[in-house]
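The values are calculated or read from the model by the stated rules, or taken from the named source; none is laboratory data. Fair warning: this is a prediction, and the values are worked out from it, not measured in the lab. Positions of Cβ are backbone-derived with ideal geometry, glycine not excepted, and every protein chain shown enters the neighbour counts.
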Amino acid sequence: MLISFMDFSLAYSEGSAPALKHIDLEINERESLVVSGLSGAGKSTLCLAAADSLASYPAAVTSGEIMRKVDSASNGGTAIVMQNFYAQITYLRSTVFEEVAFPCENKGLPRDEIIRRVEEALGRIGIGHLADRNPLELSGGEKQKVVLATALAMKPALLILDEPISQLDPESAAHLADVLAELKKEIALLIAENDPYLTLKVADRVVVLSEGEVIADGAFGRILEPGIEEHVELPAWTRCVSEAVKEKHPDMEDSTKRYELSYKSAIAALRGIR
Amino acid sequence: MKIVYDGVSFSYPSKTALKNVSCEISPGSVALVVGHNGSGKSTFLKLMNGILKPTQGDVRLEDVNTRDKRVSELARYCALSFQNPDDQLFASTVMKELRFGSENIMGDGSLVDVVSEILHLENYLQVNPLSLNYALRRLVAIGGSMAMDTPVLALDEPTAGLSQREKAYLGSLISHAKGLRKTVVIVTHDLNFLLPFADEILMLSQGELRYSGGRDNLFNRKDARVLMAGCGVSYPIYARISSAVEAGKYCFDAKELVHELIKRKAGATRRTNGRHQLEGA
């Protein structure tokens, strides 16, 4: 176990509606967990709490506990890419290379180690060509990649990503999904994301939040049911099959097919209509 | 309002972001601007309301050249919602935020109520927008731009950070803008959600315009997949499914696709029954 939420609740201020309610959740080593849910469900708050980044909310009221085996201050701790990743770029450094190196420098790592880590992180995210560019002049998507590379360079034991593909073009999003699928063999991932394609590729477990509460927790294919569907985005092919079941098409009467996540099986089912 | 880019180039100090772009966006249409990260999409949009002026060439909104007007004057023609909502929001309440743009261009704010209803912001009108979650902040930023009631509405990555619920609200807003004959220009990676609303597509790669024209024309081109791949744009998933199930036409959402399949099945059944009746006679 890397981190464990035990009956954890949080409100951003005394008397305000709780953002998280009685969360019981464990994240284990080399486990990848995707958190889904409508906006306002508590996904970002869960990420911040897991990253121990709630210090900037001094009015927050919490109950319960979060037990950690990872220490954000130590090497191999936690790294987070926030939803508003723009706020994470220091703009104190004039090149992307130096920007990505910044947290490693703060950790006091040896120069050679920093260079190795930065080169590896830039390569992994596919932005080696941006190394000498000024972060200020990058596009939104490129900035998101810089922050992702910065987090990777820290070599965390738990990597927390809040909507990591929000500004990425589809090719970059697919590339990041591949990188994360590889990375989960080495470290634990906590990803707040509604994109079903990333979820399919990366998630060992999907946790669905609604109004601060966990309403489902399990493998993607196992948690889908009518009450959960509105909180989770389905892949397009699954949505088509689900739509056909809703239309009560005779060829699709088998409602167990309603949440067919396999592309091939869904296409075969849809072809049955013709 | 017609939008014309005539030989437009734009350079930042260390990079040329747009190279000799010429295109026309028809009045009242919804145009999607797509392309890989760093292809020049946001720059394209910022040239529309004069935040950036072309290094070469001209951008015209109907007969108004953006070179000849200040940003404050161009705000009467084009409202732009930024890629990062936090760059845009500053008022102390959602209501003040929604009204600000409209009041400053001497508008009557008549769209504020409609916008807050369509985007389901009614319960937050007296709340500080910066205390809202990211999706709501984005909706407030988009709503403030729409409430300016300009003939052109420009949105930069409007679906980023929205869950399916807010995307549906955004869809209603786009439809409403279309109903008002506004020209809506949207920079996006989310073709899967926005294609059903689109009339025109502009595709950028490395600052060059690789396609501009009708949505359906694009998908009917034999080289559509290659063209899109060359711009780092994934072939939209519903178009891919339409081909895989031989739906007979390109559909852009699940409902349309399923209805098309059912319609074709009913047609095939009618033809078979007719043949049987003929054979029986």
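Among the numbered criteria (1) buried (at least 23 other Cβ atoms within 10 Å of the Cβ); (2) touching a His at 6+ places or on another chain (Cβ under 9 Å), which one does A:Asp7 miss?
Tallying (1) buried (at least 23 other Cβ atoms within 10 Å of the Cβ); (2) touching a His at 6+ places or on another chain (Cβ under 9 Å), A:Asp7 fails exactly one: (1).
Does B:Gly28 satisfy being at pLDDT 95 or above and either touching a strand residue (DSSP E or B) at 6+ places or on another chain (Cβ under 7 Å) or on the phi > 0 side of the Ramachandran plot (or both)?
For B:Gly28, the condition - at pLDDT 95 or above and either touching a strand residue (DSSP E or B) at 6+ places or on another chain (Cβ under 7 Å) or on the phi > 0 side of the Ramachandran plot (or both) - is met.
Taking the options A:Lys143, A:Lys155, name whichever one is basic (Lys, Arg), more than 15 Å from the chain's Cα centre (by Cα) and buried (at least 21 other Cβ atoms within 10 Å of the Cβ).
Step by step, each of A:Lys143, A:Lys155 is checked, and only A:Lys143 is basic (Lys, Arg), more than 15 Å from the chain's Cα centre (by Cα) and buried (at least 21 other Cβ atoms within 10 Å of the Cβ).
Considering only residues of the stretch A:211-228 that are assigned to a helix (DSSP H, G or I) and either modelled with pLDDT of 90 or more or touching a helix residue (DSSP H, G or I) at 6+ places or on another chain (Cβ under 7 Å) (or both), which is surrounded by the most Cβ atoms within 10 Å (Cβ to Cβ)?
Step by step, filter the stretch A:211-228, then rank; the result is A:Phe220.
Given the criteria in a loop (DSSP other than H, G, I, E, B), under 20 Å from A:Arg205 (Cα atoms) and not charged (D, E, K, R), does A:Ala59 qualify?
When the stated conditions are applied, A:Ala59 does not pass them.
Take the residues in the stretch B:83-97 that are within 14 Å of chain A (Cβ to nearest Cβ) and free of Cβ contacts under 8 Å to residues at least 12 places away in the same chain, then tell me which one is farthest from the chain's Cα centre (by Cα).
B:Asp87
Among residues belonging to the stretch A:169-181 that are touching a residue at least 24 places away in the same chain (Cβ under 8 Å) and assigned to a helix (DSSP H, G or I), point out the one that is nearest to the other protein chains (Cβ to nearest Cβ).
The residue in question is A:Ser172.
Pick out the one residue from A:Lys184, A:Lys264, A:Lys201, A:Lys248 that is more than 16 Å from the chain's Cα centre (by Cα) and more than 10 Å from chain B (Cβ to nearest Cβ).
When all the criteria are applied, what remains is A:Lys248.
How do the helices (runs of 4 or more DSSP H) wholly within the stretch B:98-211 filter down when requiring 1 or more residues that are in contact (Cβ under 8 Å) with a residue 24 or more places away in the chain, farther than 21 Å from A:Ser139 by Cα and within 14 Å of another protein chain (Cβ to nearest Cβ): which remain?
B:134-146, B:164-179, B:191-194
Could we say that B:Leu45 is assigned to a helix (DSSP H, G or I), within 14 Å of chain A (Cβ to nearest Cβ) and closer than 24 Å to B:Lys178 by Cα here?
When the stated conditions are applied, B:Leu45 passes them.
Is the stretch B:35-47 home to any residue that is modelled with pLDDT of 95 or more, touching a Gly at 6+ places or on another chain (Cβ under 9 Å), farther than 30 Å from A:Ile125 by Cα and not charged (D, E, K, R)?
No, the stretch B:35-47 has no match at all.
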